[in-house]
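Asker: To start, I am sharing the structure in question, which I have written as structure tokens.
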Amino acid sequence: MRFVLDGAVIDLPEVDPTATVLDHLRYRMGRTGTKEGCAEGDCGACTVLVGELASEGVRWRAVNSCIQFLPMLHGKALMTVESLGNQPDAAAEVHPRNGEDSREARHSPLAPLQAMMAANGSSQCGFCTPGFVMSLHGRAIGARGCELPVADVIAGNLCRCTGYGPILAAGEAVDRIVRDDTALAALLAGIAAEGASGEWRGRKWFAPRSKDELAALLARHPDARMVAGATDVGLWVTKGLKTLDTVIFLGDVADLAAIEETGEAITLGAGARYADVHAPFARLHPDLGELVRRIGGLQVRNAGTVGGNIANGSPIGDGPPALIALGAELTLRGMAGRRTLPLEEYFLDYGKQDRRPGEFVESIRIPRPGPGTVIHIAKLSRRFDSDISAVCGAFALTVEDGTITRARVAFGGMAATPRRAGACEAALTGKPFGEAAIEAAAQALGHDFAPLSDVRGSSAYRLEAAANLLRRLWLREQGQAISVLDLEGLDG
Amino acid sequence: MAERDPAWKVLEKPRHPHDSARIHVTGEARYADDLAEPADMLHLAFGQSGEAHARIAAMDLSAVRATEGVVAVYTAADIPGANDVSPFAGDDRLLADGEVLCHGQAVFLVAATSQRAARLAARLGRIEYAPLPAAITAAQARAAGSLIEPTQRMARGDAASALESSVHRLSGRFEMGGQDHFYLEGQVAVATPGEDGQMHVLSSTQHPSEVQHLVAHMLGRSSADVTVEVRRMGGAFGGKETQAALFAGAAALVAAKTGRPAKFRCDRDDDMVMTGKRHPFEVAYDVGFDDAGHLLGLRLHLASPCGATVDLSPAINDRAMFHADNCYFLPDVEIVSERLKTHTVSATAFRGFGGPQGMLAIERIIDHVAAHLAKDPLEVRQANLYGPGREVTQYGMRVADNIAPQLIARLRETSRYDERARAIDAFNAKSPVIKKGIALTPVKFGISFTTTHLNQAGALVHVYADGSIQVNHGGTEMGQGVYVKVAQVVADVFCVPLGVVRVTSTRTDKVPNTSATAASSGADLNGMAAYNAAMAIRERLAAFLARTYRREETEVHFTPGGVLVGAETLDFAAVARKAHLGRISLSSTGFYATPGIEYDRDAHQGRPFYYFAYGASVSEVAIDILTGEHKVLAVDILHDVGRSLNPVIDLGQIEGGFVQGQGWLTTEELVWDDQGRLLTHSPATYKIPTASDRARRFTIALWDGENVEPTINRSKAVGEPPFMLAISVFSALNRAIAATVPGKRGLPPLDAPATPERILKAIAEYRQTGHGLP
């Protein structure tokens, strides 16, 4: 496999398919500026930028290198904190009389962002700092998600020392940098032309470039582990210490990542990453956009795919409840062809999905809500950003002439799978859209769910909060402020 | 002949950034795991206990040994010297010896050629346990009569009579959770064997001397054979005061036994399971007060599950008692402090060191009194402050530097507290779902180790013949900026630019017998020791120049323009060169011991603190009564750092401390199951604040004043005190919850951390009960 680092092609004839990019940087290349804080994609200390060929040239993304596997870099460009170009100039000397000035002179100048962060107290212990530098540098060079507010861009970077104030200020103040990636794009085009594969100590890996190639590979290796963004599978390796025997990386399957927006629906390939669906989802409904904003940090959304979030069948995945409520359909493709099913039918039981050997999730179709549809999607977690839901609720009520003609209600965190709330829906359907129906439906959730108690919330809290999310929907319709996130801080 | 005594007044406040800021942002700053690994480096992992309390009946480590890459596997029997990594009580084992005391305890140690091999192998140990009764919760420990030391009592006057005769009397109880340090750099140590039995340990530790002594005893060597070094830590917050010794000890054991360098870099999840955290506390109180809210009598019961071993729990719980007054005069008071021994990981030092727990207790009591009297809690706070005729603490120390009344009054005004409180009432009246609350809470934090002998420090200053200066001291750098502060002190002594002074890594072979960098004391103690070292050299230089130029010593002046000797001006490098040729020693140690402090722990009376640091904050919050979600909307802080040594550093400590405290009281929840397993052992489940949790409006002002004591530059310690400013967030949340039932006189039953679930529960209970907490 080959990738580009600081303009040079790095050629690795043999790679452990589940070696992480972080370990390779730190322990093979001696580039120790990138840090390991958690090895599970939750702290951002290992943030690097990965550039991929795109229509506009090179599209950069901030990702957590601790849970990116090396083969995922094939045909891509890598940028680490060392790439920003500050190297001590050995020729200069420190003159004791004017030590302060000459110590500055000993180094080549810092990038404006770095200079600002160094001067304004953005670092204390400094360990998380390179990760913040890379996230904010990404924002400056127009990387994916750069249009987001600074706080959102660094929501996946934890700092335990500063309280974030100076970092936010530096992020706000830095100017946009225009990169000329023409040469890099040409370099990438040269090495990314064909799919890569390899073998390491009997363990095979493949990085197909089309769905057809993928389908053929799966036919040959039905037990292969498919890895899209590795935001989940990465932890099997770094935390579970698992060995994956045959791995198919989906990141280069171009036609699996397509996003098509029409007046009727959004259809997205299973490989579409959360960062890429953020804007289309927000256009479908603001609540859906807000939900995406709160899925992981930007680094996680830059890697994690909607399809992966569905395919792994997590009971607390944030995408599925909303997509179920919106009436999404899932298309799977296998040796026998394609089949399409309502998304909720894919989730059979805890850890059990309706995916047959050799099948892969191909696409998700989300119909646009018709006129008169009242939508409310809400995620409850201990922390707003980069947290996992205690409860994720989604409601789509079709109201015609004051009557609820259709109700789709789905929850995550309430059962072993993301699931619709049949009793709740029944209590709404056919009723006048009003407080009585809402209250009856809220009560009905007790028939739909008997949630577990775990670290994210007790059963009682989950039930009560789930019911209150429905009450919220009604209050919002009445014009009430319903979320503390809607409040602005006081003026300075 | 010093032109300026240690307490000189500097009008200009230097704004030097952190000394490593440049290499932080470039990624060049090196942490323990960043040094190139020798080819024969071994990597380590612990086999951990799967039981909370059990006798080890049998251990089969054959599968561990058979794992590819494993070079050695050790158990307690392989330790040549003392199997002890504890700070003083001798009860923390490097490797379990026959009995395990908590889940995750280190039972055996694996050394392998790769980190993955070591970690994989460590999971393959087959350990047979004979379970013993385990106390997981405080209640279980209390029922079993399990304590780490006898219950302590700190009292003044007659609390019982005062309570009897009070017009009003309330009782209540609440709980607050612990806190994981979540330093971004996990525990790490690299041990390199030297010749003739010597050992070098690069450790991410706040306490190199303790690691040195423990490693020496563990290996059966002398302290002189062991050198411990730390250039910087990627955060510590108290979590590397005693906890680093386990990993350093393991690395040293392997290095000594195999003769190969050994690195222990702990996995994040293992780190969270295996290392101590802040003490959770249970608080119960009985308080008597008058119509104006003056506290007349208080009986306060503090109980903390301290975990399986003593660690620093006695001093931490003492500090909770010392801070149960905060800024308030408690005329008749009895504080009883119960230190429970549980079969969970031993709780340890964490920024504030018990102070936050004691302070949250009294602030909640004040909130309760105010709620009962239907007064603004700020009125009750101000009515109870220390003042003339009421200036002695419950432990008999006079509060000689009390600026709390003025500081609070100033912040009340600058934050427009009263106006905002009225606006919030108006908002709440017409907002059914979102309720807001505001609170102003003060901080008075005692500065000094309460174990008096720890209040000492050493430093070593070298002036080289080219005029450059190196300073080394006992303080460790964990991000708090002690290196740059000490460098500034030395630069000021010689009147040279800061860049002339190089601070080198903290090493036990340069400055011996140091105390932990803790108790906020780093700059106070080491700054003064470095000052003394630098002054010794400067005095030698002055005497030498006076002799050489036939002048009086009083005619030698160190100025920013150079060294003046009568009419001559020499640059500092020239002075250094001349002095070297003149055979003058250009190196000196310096030493400092905090004066005037003494404490009788048996009676809990004395002057444990050199001085107090003060501050106050106003927090405005909003809650959602349907989900229990909350947001901190605005924070205004006025904080006292005396005459700041470095405002950039100090402001950073204040903001960072506040946000960390906010995390403790809101999003950071530790959950153990009933078997004593920590369930929140990763950042996926344990949530420290992110950037958006910081209030969008956040103002910090420094109090314009100086330390009444002659500290270095009349500055004050800043590491811990700001943490407790975040109590205003908790207090404001209470008021927001109380706003759900307007006019009710009672306190919502809220425990910390105030997670959405706890807030929702407090709202429900507050609505149901007649008057909130009775």
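Asker: Inside region B:633-645, can you point out the residues that are out of contact with any Asp or Glu (no Cβ under 7 Å at 6 or more places or on another chain) and either of a type outside the set (D, E, K, R) or without any contact (Cβ under 8 Å) to a residue 40 or more places away in the chain (or both)?
Answerer: Hits for region B:633-645 are B:V635, B:I637, B:L638, B:H639, B:L645.
Asker: Also, I was wondering about something else. Limited to region B:224-247, what total is found for residues that are closer than 27 Å to B:A349 by Cα and without any contact (Cβ under 8 Å) to a residue 60 or more places away in the chain?
Answerer: Residues flagged as closer than 27 Å to B:A349 by Cα and without any contact (Cβ under 8 Å) to a residue 60 or more places away in the chain within region B:224-247 amount to 1.
Asker: Let me ask something else about it. A:R179 is checked against (1) within 14 Å of chain B (Cβ to nearest Cβ); (2) part of a loop (DSSP other than H, G, I, E, B); (3) touching a residue at least 12 places away in the same chain (Cβ under 8 Å) and fails just one. What number does that condition carry?
Answerer: Condition (1) is where A:R179 drops out.
Asker: So for region B:240-260 (the condition being within 14 Å of chain A (Cβ to nearest Cβ) and either assigned to a loop (DSSP other than H, G, I, E, B) or more than 22 Å from B:F88 (Cα to Cα) (or both)), does at least one residue qualify?
Answerer: Within region B:240-260, one or more residues are within 14 Å of chain A (Cβ to nearest Cβ) and either assigned to a loop (DSSP other than H, G, I, E, B) or more than 22 Å from B:F88 (Cα to Cα) (or both).
Asker: Kindly indicate whether B:P710 is under 30 Å from B:A530 (Cα atoms) and in a helix (DSSP H, G or I).
Answerer: Here the answer is no, as B:P710 does not meet what is asked.
Asker: Next up: Restricting to region B:656-696, and then to whatever is assigned to a loop (DSSP other than H, G, I, E, B), more than 7 Å from chain A (Cβ to nearest Cβ) and within 20 Å of the chain's Cα centre (by Cα), can you tell me which residue is nearest to A:N120 (Cα to Cα)?
Answerer: Here the answer is B:P689.
Asker: Related question: For B:F88, are the conditions met, namely being buried (at least 23 other Cβ atoms within 10 Å of the Cβ), of a type in the set (F, W, Y), assigned to a loop (DSSP other than H, G, I, E, B) and touching a residue at least 24 places away in the same chain (Cβ under 8 Å)?
Answerer: Here the answer is no, as B:F88 does not meet what is asked.
Asker: Let me ask something else. State the number of residues belonging to region B:697-739 that are within 22 Å of A:C159 (Cβ to Cβ), out of contact with any Asp or Glu (no Cβ under 7 Å at 6 or more places or on another chain), within 14 Å of chain A (Cβ to nearest Cβ) and buried (at least 24 other Cβ atoms within 10 Å of the Cβ).
Answerer: Count: 7.
Asker: With the condition kept exactly as written, say whether any residue in region B:531-539 is in contact (Cβ under 8 Å) with a residue 12 or more places away in the chain, more than 15 Å from B:H473 (Cβ to Cβ), of a type in the set (K, R) and surrounded by fewer than 20 Cβ atoms within 10 Å (Cβ to Cβ).
Answerer: The answer is no, given that none of the residues of region B:531-539 is in contact (Cβ under 8 Å) with a residue 12 or more places away in the chain, more than 15 Å from B:H473 (Cβ to Cβ), of a type in the set (K, R) and surrounded by fewer than 20 Cβ atoms within 10 Å (Cβ to Cβ).
Asker: Identify the single condition in (1) touching a strand residue (DSSP E or B) at 6+ places or on another chain (Cβ under 8 Å); (2) of a type in the set (A, V, I, L, M); (3) within 14 Å of chain A (Cβ to nearest Cβ) that B:L184 does not satisfy, given that it satisfies every other one.
Answerer: In the conditions (1) touching a strand residue (DSSP E or B) at 6+ places or on another chain (Cβ under 8 Å); (2) of a type in the set (A, V, I, L, M); (3) within 14 Å of chain A (Cβ to nearest Cβ), B:L184 misses (1) alone.
Asker: Just to be sure I understand the filter: pairs with C-beta atoms under 7 Å, separated by 6 or more residues or on different chains, first member in region A:442-460 and closer than 16 Å to A:F395 by Cα and within 9 Å of another protein chain (Cβ to nearest Cβ), second member assigned to a loop (DSSP other than H, G, I, E, B) and of a type in the set (A, V, I, L, M, F, W, C). Which pairs pass?
Answerer: From region A:442-460, no pairs qualify.
Asker: Another question, then. When you scan region A:360-442 for strands (runs of 3 or more DSSP E) that lie fully inside it, which ones turn up with 2 or more residues that are charged (D, E, K, R)?
Answerer: So the answer is A:360-367, A:403-412.
Asker: Please find, among A:L463, A:L485, the residue that is touching a Phe, Trp or Tyr at 6+ places or on another chain (Cβ under 8 Å) and closer than 30 Å to B:A634 by Cβ.
Answerer: Checking each option against the conditions leaves just A:L485.
Asker: How many of the residues in region B:26-53 are more than 14 Å from chain A (Cβ to nearest Cβ), surrounded by fewer than 21 Cβ atoms within 10 Å (Cβ to Cβ) and under 34 Å from the mean Cα position of the chain (by Cα)?
Answerer: Qualifying residue count, region B:26-53: 1.
Asker: To continue, here is another question. Name the residue that is surrounded by the fewest Cβ atoms within 10 Å (Cβ to Cβ), counting only residues in region B:390-421 that are within 14 Å of another protein chain (Cβ to nearest Cβ) and without any contact (Cβ under 8 Å) to a residue 24 or more places away in the chain.
Answerer: B:E419
Asker: Within region B:463-569, considering only strands (runs of 3 or more DSSP E) that don't extend past its boundaries, which have at least 1 residues that are hydrophobic (A, V, I, L, M, F, W, C) and within 28 Å of B:R351 (Cβ to Cβ)?
Answerer: B:469-473, B:501-503
Asker: Here are the criteria: (1) assigned by TED's automatic domain parsing to the domain that holds A:E52; (2) touching a helix residue (DSSP H, G or I) at 6+ places or on another chain (Cβ under 7 Å); (3) surrounded by fewer than 17 Cβ atoms within 10 Å (Cβ to Cβ). Tell me which single one A:L168 does not satisfy.
Answerer: Single failed check for A:L168: (3).
Asker: Would you check which residues across region B:548-571 are in contact (Cβ under 8 Å) with a residue 12 or more places away in the chain and among the acidic types (D, E) and list them?
Answerer: B:E553, B:E568, B:D571
Asker: Here's something else I'd like to know. Of these, B:R169, B:R142, B:R123, which one is within 14 Å of chain A (Cβ to nearest Cβ), in contact (Cβ under 8 Å) with a residue 24 or more places away in the chain, over 26 Å from B:I688 (Cα atoms) and surrounded by fewer than 23 Cβ atoms within 10 Å (Cβ to Cβ)?
Answerer: B:R123
Asker: Could we say that B:T517 is hydroxyl-bearing (S, T, Y), within 14 Å of chain A (Cβ to nearest Cβ) and in contact with a helix residue (DSSP H, G or I) (Cβ under 8 Å, 6 or more places away or on another chain) here?
Answerer: Judged against the criteria, B:T517 is a match.
Asker: Now for a separate question. Quick one: which of B:I623, B:I649 is assigned to a helix (DSSP H, G or I), of a type in the set (A, V, I, L, M) and facing another protein chain (nearest Cβ under 9 Å)?
Answerer: Step by step, each of B:I623, B:I649 is checked, and only B:I649 is assigned to a helix (DSSP H, G or I), of a type in the set (A, V, I, L, M) and facing another protein chain (nearest Cβ under 9 Å).
Asker: Find all pairs meeting these conditions: Cβ atoms under 6 angstrom apart; at least six residues apart or on different chains; first residue within region A:147-174 and within 7 Å of chain B (Cβ to nearest Cβ) and within 17 Å of B:V25 (Cβ to Cβ); second residue of a type in the set (S, T, N, Q) and assigned to a helix (DSSP H, G or I).
Answerer: A:I154/A:S135
Asker: With (1) touching a Phe, Trp or Tyr at 6+ places or on another chain (Cβ under 7 Å); (2) more than 20 Å from A:T32 (Cβ to Cβ); (3) facing chain B (nearest Cβ under 7 Å) as the list, and A:F127 as the residue in question, which single condition is left unmet?
Answerer: Unmet condition: (2).
Asker: Pairs, please: C-beta under 7 Å, at least 6 apart or cross-chain, first residue under 21 Å from B:G234 (Cα atoms) and in region B:172-183, second not in a loop (DSSP other than H, G, I, E, B)?
Answerer: Correct list of pairs: B:Q179/B:R278; B:Q179/B:W664; B:D180/B:M272.
Asker: Can you work out which of the residues in region B:740-764 that are modelled with pLDDT of 95 or more, among the charged types (D, E, K, R) and closer than 21 Å to B:A361 by Cα is surrounded by the fewest Cβ atoms within 10 Å (Cβ to Cβ)?
Answerer: This residue is B:D751.
The values are calculated or read from the model by the stated rules, or taken from the named source; none is laboratory data. Every value quoted in this text rests on a predicted model; they were computed, and no experiment measured them. FYI the Cβ positions are ideal-geometry reconstructions off the backbone, even for glycines, and counts take in every protein chain you see.
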